[in-house]
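Structure first, then comments.
The values are calculated or read from the model by the stated rules, or taken from the named source; none is laboratory data. Quick caveat, the model's predicted, so the values are computed rather than measured. Counting neighbours? That spans all protein chains shown, and the Cβs are built from the backbone with ideal geometry, glycine included.
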Amino acid sequence: MRIFTVIILFLCICLTACKKDAVNTEYDNSFKAWQSFKKSSNNSYYYVTEFVSWTGFRSETKITVMNGTVVSREYESRIVEAREDTVIVQPIEKWREAADSIGKHDTGFEPVTLDVVYYKAKNEWLKVDKNKNRIHFENKNNGMISVCGYSPKNCADDCVRGVYITEIAASTAP
């Protein structure tokens with residue numbers, strides 16, 4: 001009986017150790033969708049990231065990639081305030097980088113390709129300690145990455161480290 005129990009225990013451990021978690025499966029499916037899109041778009045596309053704070057601060061960064069190289073980065077930030085029946089939008093900063101000026105500004109999402117975003121997703125944002133962090137992953141851009149990151153479990157506001165992508169589309173010109 002003892003040998004039978006040990007065999008059952010061993011099989012249970014092996015079967016559960018081989019099982020992938022949902023986030024890894026979603027990532028793998030998203031990565032496949034990305035590889036397909038990358039090929040169909042000739043590695044020429046743009047994507048838009050967004051940051052939204054509980055304070056009303058919002059920003060968007062648009063990264064344009066042609067043939068696998070970042071060719072432009074656009075950024076816009078603003079404060080959005082709701083007052084009674086009115087929404088007030090106060091622009092803060094707006095700029096565009098191209099060619100040799102890419103990376104000049106400190107604000108905005110970093111000027112990287114989606115290959116780099118997927119690399120960071122797999123090797124940084126999804127690898128944090130699950131006991132100390134909440135891990136977020138969604139693939140709502142035609143199967144491609146839309147949300148990837150983590151937030152410490154003991155943090156309440158503006159704690160997510162990672163990326164929120166609102167749009168990914170093929171591009172023919174910067």
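For every residue, the table says whether it meets (1) modelled with pLDDT of 95 or more; (2) outside any loop (DSSP other than H, G, I, E, B); (3) of a type in the set (Ser, Thr, Tyr).
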site: Ser77; (1), (2), (3): yes, yes, yes
site: Val87; (1), (2), (3): no, yes, no
site: Ile92; (1), (2), (3): yes, yes, no
site: Arg96; (1), (2), (3): yes, yes, no
site: His105; (1), (2), (3): yes, no, no
site: Lys122; (1), (2), (3): yes, yes, no
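Name the pairs: first residue in the range 104-118 and touching a residue at least 12 places away in the same chain (Cβ under 8 Å), second residue surrounded by 19 or more Cβ atoms within 10 Å (Cβ to Cβ) and of a type in the set (S, T, N, Q), Cβ to Cβ under 6 Å, at least 6 apart or on different chains?
Gly108/Thr61; Phe109/Thr49; Phe109/Thr61
For the subset of the range 154-174 comprising residues that are at pLDDT 95 or above and either assigned to a loop (DSSP other than H, G, I, E, B) or among the hydroxyl-bearing types (Ser, Thr, Tyr) (or both), which member is nearest to Val112 (Cα to Cα)?
Per the criteria, the residue is Tyr164.
Condition check ((1) closer than 17 Å to Lys32 by Cα; (2) surrounded by 14 or more Cβ atoms within 10 Å (Cβ to Cβ)) across all residues:
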residue	(1), (2)
Thr107	no, no
Val112	no, yes
Tyr119	yes, no
Asn133	no, yes
Phe137	yes, yes
Cys148	yes, yes
Ser151	no, yes
Asn154	no, no
Cys159	no, yes
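Which of the numbered conditions does Glu76 fail, given that it passes all the others? Conditions: (1) without any contact (Cβ under 8 Å) to a residue 24 or more places away in the chain; (2) crowded, with 18+ Cβ neighbours inside 10 Å.
(2)
Under 7 Å between Cβ atoms, at least 6 apart or on separate chains: pull out the pairs that start in the range 39-56 with a residue that is closer than 25 Å to Ala156 by Cα and end on any residue that is at pLDDT 95 or above and in a loop (DSSP other than H, G, I, E, B).
Thr49/Phe109
Mind checking which residues of the range 135-153 are assigned to a loop (DSSP other than H, G, I, E, B), touching a residue at least 60 places away in the same chain (Cβ under 8 Å) and on the phi < 0 side of the Ramachandran plot?
Result: Asn139, Ile145.
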